[in-house]
Amino acid sequence: MNDMTPTREQRTAALEGMGCKRKRVEDVRFTQGKGNYVDDVKLPGMLHGDFVRSPHPHARVKSINSEEALKVPGVLAVITAETLKTVNLAWMPTLAGDVQMVLADGKVLFQNQEVAFVVATDRYAADDGVNKVVVEYEPLPPLVDPFKSMDPDAPVLREDLAGKTTGAHGPRKHHNHIFEWKVGDKELTDAAFSKAEVAIKEMISYHRTHPSPLETCQCVCSFDKVKGELTIWGTFQAPHVIRTVVSLIAKLPEQKIHVIAPDIGGGFGNKVGAYPGYICAAVASIVTGKPVKWVEDRIENLTATSFARDYHMTTEIAATRDGKVTGLRVHVLADHGAFDACADPSKWPAGFFNIVTGSYDFPTAHLAVDGVYTNKAPGGVAYRCSFRVTEAAYCIERAMDIMAQKLNMDPAELRLKNFIKPEQFPYHSALGWEYDSGDYHTAMRKMMETTGYAALRKEQAEKREAFRRGETREIMGLGVSFFTEIVGAGPSKNCDILGIAMFDSCEIRMHPTGAGIARMGTKSQGQGHETTWAQIIATEIGIPADNIQVEEGNTDTAPYGLGTYGSRSTPVAGAAIAMAARKIKAKAQMIAAYKLEVHEDDLEWDIDGFRVKGLPERTMSMKDICWAAYNSVPPGMEPGLEAVSYYDPPNMTYPFGAYLCVMDIDVDTGVYKVRRFYALDDCGTRINPMIIEGQVHGGLTEAFAIAMGQEIRYDDDGNVVTGSFMDFFMPTAVETPHWETDFTVTPSPHHPIGAKGVGESPNVGGVPAFSNAVNDAFSFLGATHIQMPHDYWRNWKAAKDLGAVA
Amino acid sequence: MIPGSFSYHRPASVADAVKLLSDLGEDARPLAGGHSLVPMMKLRLASPAHLIDLHGIAGLKGIRRDGNNLLIGAMTTQHDLLESQEVAGSVPILCEAALLIADPQVRYRGTIGGNVANGDPGNDMPALMMTLGATYRLEGPQGAREVAAADFYQGAYFTILEPGEILTSVSVPVPAAGHGYAYEKLKRKVGDYATAAAAVVLTMAGGKVATCTIGLTNVHETPLLAVDAAKAVIGTSLDAAALKKAASAAEAIMSPAADARGPVEYRKHVGGIMVTRALQRAATKAT
Ligand SMILES: Cc1cc2nc3c(=O)[nH]c(=O)nc-3n(C[C@H](O)[C@H](O)[C@H](O)COP(=O)(O)OP(=O)(O)OC[C@H]3O[C@@H](n4cnc5c(N)ncnc54)[C@H](O)[C@@H]3O)c2cc1C
């Protein structure tokens, strides 16, 4: 060996594989403004579409007159439900088993609902046309409060469902009822409550909000009449699903549909489902024979495409006097707006809300969810969370705090007392999940030690005394949150979307020079897949990450996958990548054995190639094997070096974390300051610590926004009053607190590389931490539960209601 | 969020701008930084057929001292205010308030003329100009006139500007040496208009308030001068009782709208607090 021979450490580092803080390769183009987004797609002769939208939340559409609009220079067509009926597309199926109007068919059911689609030669003309379409409405009484949806005299919203006593998920109890979903053992749970020494009950609401990616939803549809082919560029988190859905509803052969999701400027669940804009642009292109672009503006995005949450959770916990939980009972009233347009796996009308037992060993639990219609925008999507997991985490984490308060126990102590113990994994929860792995006590204690939790509590006690003495007008809150997520949907035995199992996929092709291309069924919207996917491959097959090109989003080239949402990419596609890489490695081993003239079993893997056991000088690098794969494979073996893997996960993964928020609130103005926020995440094996940190920062910022003010609010007349970033809280760098991140590592036992996924954990765990901090601050004044969002005026109102301000 | 069509004009002199505005009538609007007007056009709440861009008029921009007054050209941007040594030295409250307007991008474009002429009760400069006793120079088809800021505002987006008139400059009397000042603004986030804001300019003598003016932003359909509140603190050492009196006198003239920033009661309550805090901070700055 001479000085030139790289050390093993140098060889490992050169790969930039798993565990490396590799810089994001996609940022080279993003930071230079060279990304290629849907709105950058400009095709010759391209037309533009824009919507006429309803000013009314509930009204009959008496007539639509397009005469004046068609006189506007540049306006070519005005499409209405009547037009769409000729191609049977006035309605479309939702992912939740409901149907949704594409354009108002006789009625409008929410403010800003799509009524007509104006097609013009440019965006300005389209908008001028929109302003000239005359729609005559007969207003109907709006239904805004979900608690009134099932009143006997509630207005009938969905006339199309008249007489339908059964929906996609079983019987309907009322004309505005969508489904009832029940899980768990009711008798056992009721018994636990009747025997309970202590019980709490609280209606905990998680308000309506919106994923609000900076890039709104948009598409360009181009129909080639000669070939009969439709190409769609769109902001799609799940491009293959879109292709199949388009094929099924537009009755076009699937091979004639090409879906391309170029760079995406954030998705957060907003870009999973299908929206009227996509259908209208496609129909407009088919009708005109020209490409048609549809780009949503901010108001449209916030008020018409899918909202998130709007869950009203009546929550009860039973416990012993010394703080051991004995039962959990939850009833959820789920407001879905005018159409149930959740993007959950098909069999899960309330997503995985039955993770609501959280990190605690509940011997028994029962859950019932009622979905109802209101005159609001349809949804709700999973805003940076696995399906309804954020709602569940908020529900249980808030309720545990309420129980702690009732028991006069520290909320951290109550949690420690009830955690599922490390030796109980794999753990079967009372509501039916099998938690793969966890070490909650270690994570919680690390959080408490690192933050100086005990000292903070002491400081809080002193501040409370000072407040009582009138020396300060500031109150201090500590928000503890310990969440368990369920991500990685999911095993084919319980997860599908419209009948397609929720596997994911990877195809790797190695080129002769030791480089390669890898394609997946996922689609990054900012998560950094181009960086991390290559890192998995680098470690698995010993080729530098820089030599692996990662490509996603083109349904013609990528293998079929279910897309990116619900923190499923790493648990599912990440596994497929490792498995595909292992197939490559297996073939590579045969080639190496042949070239080194030994038996395969005599070879062992060593960082970036194979070496002969006991003869470390006799090696063959993966790079050389790639070359050999194209000229000297063993007799009888096919040349080339490529592999495909479709991975059907055996189980979900269960990331967890311990968060603490320290907040000070000025009771006179309600102004709060997040003094400190600590987030410990355990996402199993860590692929790229820098990307994890970035994901945690982003998710916490969203959680902060949601808990502290971000909402989609309707007034009593059904008008949506939060249609812009002036009123819809989107924090800037100035408002965003400083984030402290930390971790423990408990690998997933069933995942090929032990990774669990992290993208959504901070949103899931963050919201309860903020909300618990506010509630904790006010608790000594007598508060038990203050509803989110905790914006300034509501904090002031809480203080006022508690008598703390005059 | 797509504006309707309009014609664009870029006159080179105030006279040309006034002529264009008079000739084109109701359908024409002056365009300054565009950061209030263009958003309204995108929402089609405003659909002017003609925009008269004032950027081509050389004389409308700049800050200079004229005796005891600070003269600010209408097209001076909020960023220019923040950069000016003259402003920082003689009327520092202008810098303090300008820094609380939106974000750097808006301040690079938004002008003082547009801010005060717009008539938006949410804008910060109008109440401040009233507090400082500023006057506006208006030039129109009938010639030029000077109007006190306090007489300019008549209702939301409704001012005494006559058709064809342009606001060409703002004249701010330089407050007495040693004055104390503060602009207290409660907002939900960067880029938001005030939930409530208060401007205070005062002088102190022997530990007591000698003179005091208080202005209020976004708690009424026009900016307000809180005259009684100011009276309530004159001659006091800003003790708790005086502060309380001032806050309630100020709250008594507020009539904000309920909006996403909070209900009426809250906006008035924090309006009172802004007054209290501005008074206290202004006093610490007075010498
Ligand atoms: C996100 C955002 C946040 C903001 N936050 C704040 C804030 O917190 N506080 C605040 O004070 N402002 C705020 N603004 C407004 C900003 O300060 C504007 O720039 C300012 O109000 C208007 O100035 P302008 O030069 O942009 O005027 P323009 O938008 O060009 O014009 C505004 C109106 O005044 C008329 N006008 C303009 N100049 C003249 C003139 N010389 N003579 C007669 N009429 C004229 C125009 O015709 C128009 O009607 C915000 C703006 C944005 C976009």
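The values are calculated or read from the model by the stated rules, or taken from the named source; none is laboratory data. This is a predicted model, so every value here is computed, not measured. Because the Cβ atoms are built from the backbone with ideal geometry, glycine has one as well, and the counts that use them run over all protein chains shown.
For the range A:742-777, a residue qualifies if it is under 19 Å from A:LYS673 (Cα atoms) and either more than 22 Å from the chain's Cα centre (by Cα) or surrounded by fewer than 24 Cβ atoms within 10 Å (Cβ to Cβ) (or both), and the qualifying residues are A:ASN772, A:ALA773, A:VAL774, A:ASN775, A:ASP776, A:ALA777. Within the range A:677-700, none of the residues are farther than 30 Å from A:ALA534 by Cβ, modelled with pLDDT of 95 or more, surrounded by 24 or more Cβ atoms within 10 Å (Cβ to Cβ) and within 14 Å of chain B (Cβ to nearest Cβ). Taking the residues in the range A:269-285 that are modelled with pLDDT of 95 or more and of a type in the set (A, V, I, L, M) as candidates, determine which candidate is nearest to the chain's Cα centre (by Cα). My answer is A:ILE279. Kindly check whether there is at least one residue in the range A:680-692 that is assigned to a loop (DSSP other than H, G, I, E, B) and aliphatic (A, V, I, L, M). Yes. A single entry from B:ALA226, B:ALA182, B:ALA241, B:ALA232 fulfils the requirement of being away from the ligand (no atom under 16 Å from the Cβ), over 27 Å from A:ASP791 (Cα atoms), within 19 Å of the chain's Cα centre (by Cα) and not hydroxyl-bearing (Ser, Thr, Tyr): B:ALA226.
How many residues are at negative phi, touching a residue at least 40 places away in the same chain (Cβ under 8 Å) and within 8 Å of the ligand (Cβ to nearest atom) when one looks only at the range B:26-43? Show your work before the answer.
Filtering the range B:26-43 for residues at negative phi gives B:26-33, B:35-43.
Checking which are touching a residue at least 40 places away in the same chain (Cβ under 8 Å) leaves us with B:26, B:30, B:32-33, B:35-37, B:42-43.
Adding the requirement that they be within 8 Å of the ligand (Cβ to nearest atom) leaves B:30, B:32-33, B:35-37.
Qualifying residue count, the range B:26-43: 6.
Only one residue in A:TYR453, A:TYR383 is surrounded by fewer than 22 Cβ atoms within 10 Å (Cβ to Cβ) and of a type outside the set (A, V, I, L, M). Which one? Criteria check complete, one pass: A:TYR453. Total residues in the range A:117-166 satisfying the condition of being in contact with a His (Cβ under 6 Å, 6 or more places away or on another chain) and more than 14 Å from every other protein chain (Cβ to nearest Cβ): the figure is 6.
Please specify each residue of the range B:75-109 satisfying the condition of being surrounded by fewer than 21 Cβ atoms within 10 Å (Cβ to Cβ), aliphatic (A, V, I, L, M) and away from the ligand (no atom under 11 Å from the Cβ). Within the range B:75-109, B:LEU82, B:ALA88 qualify.
A quick yes/no check of all residues on (1) in contact with a Lys or Arg (Cβ under 7 Å, 6 or more places away or on another chain); (2) of a type outside the set (Val, Ile, Thr); (3) outside any helix (DSSP H, G or I):
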position: A:LEU43; (1), (2), (3): no, yes, yes
position: A:PRO55; (1), (2), (3): no, yes, yes
position: A:VAL61; (1), (2), (3): yes, no, yes
position: A:ILE64; (1), (2), (3): no, no, yes
position: A:ALA69; (1), (2), (3): yes, yes, no
position: A:VAL78; (1), (2), (3): no, no, yes
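Being assigned by TED's automatic domain parsing to the domain that holds A:SER621 and within 19 Å of the chain's Cα centre (by Cα): is that true of A:THR522 here?
On the way: assigned by TED's automatic domain parsing to the domain that holds A:SER621: yes; within 19 Å of the chain's Cα centre (by Cα): yes.
For A:THR522, the condition - assigned by TED's automatic domain parsing to the domain that holds A:SER621 and within 19 Å of the chain's Cα centre (by Cα) - is met.
Before we move on, is B:THR135 within 27 Å of B:ARG261 (Cβ to Cβ) and either more than 10 Å from the ligand (Cβ to nearest atom) or more than 14 Å from chain A (Cβ to nearest Cβ) (or both)? It is false that B:THR135 is within 27 Å of B:ARG261 (Cβ to Cβ) and either more than 10 Å from the ligand (Cβ to nearest atom) or more than 14 Å from chain A (Cβ to nearest Cβ) (or both). The number of residues in the range A:474-503 being part of a strand (DSSP E or B) and over 22 Å from A:TRP433 (Cα atoms) comes to 7. Scanning the range B:51-74 for residues that are more than 11 Å from the ligand (Cβ to nearest atom) and either touching a residue at least 24 places away in the same chain (Cβ under 8 Å) or in contact with a Lys or Arg (Cβ under 9 Å, 6 or more places away or on another chain) (or both) yields a count of 11. Selection of first residues in the range B:173-201 that are within 14 Å of chain A (Cβ to nearest Cβ) and of second residues that are polar (S, T, N, Q) and more than 16 Å from the ligand (Cβ to nearest atom), restricted to Cβ pairs under 9 Å at least 6 apart or on distinct chains, gives the following pairs, ordered by first then second residue: B:GLU184/B:THR276; B:LEU186/A:THR669; B:THR195/A:THR669; B:ALA198/B:THR276.
Among the strands (runs of 3 or more DSSP E) confined wholly to the range A:194-282, which include 1 or more residues that are free of Cβ contacts under 8 Å to residues at least 12 places away in the same chain and surrounded by fewer than 22 Cβ atoms within 10 Å (Cβ to Cβ)?
Details: elements: A:198-209, A:218-224, A:229-234, A:257-260.
Qualifying strands (runs of 3 or more DSSP E): A:218-224.
The single condition from (1) within 11 Å of the ligand (Cβ to nearest atom); (2) in contact (Cβ under 8 Å) with a residue 40 or more places away in the chain that B:ALA46 fails is (2). Within the range B:110-122, the set of residues being more than 14 Å from chain A (Cβ to nearest Cβ) and either among the charged types (D, E, K, R) or near the ligand (Cβ under 6 Å from one of its atoms) (or both) comprises B:GLY110, B:THR111, B:GLY113, B:GLY114, B:ASN115, B:ALA117, B:ASN118.
Assuming B:VAL201 fulfils every condition listed in (1) within 14 Å of the ligand (Cβ to nearest atom); (2) assigned to a strand (DSSP E or B); (3) of a type in the set (Val, Ile, Thr) apart from one, which condition is it? Every listed condition holds for B:VAL201 apart from (1).
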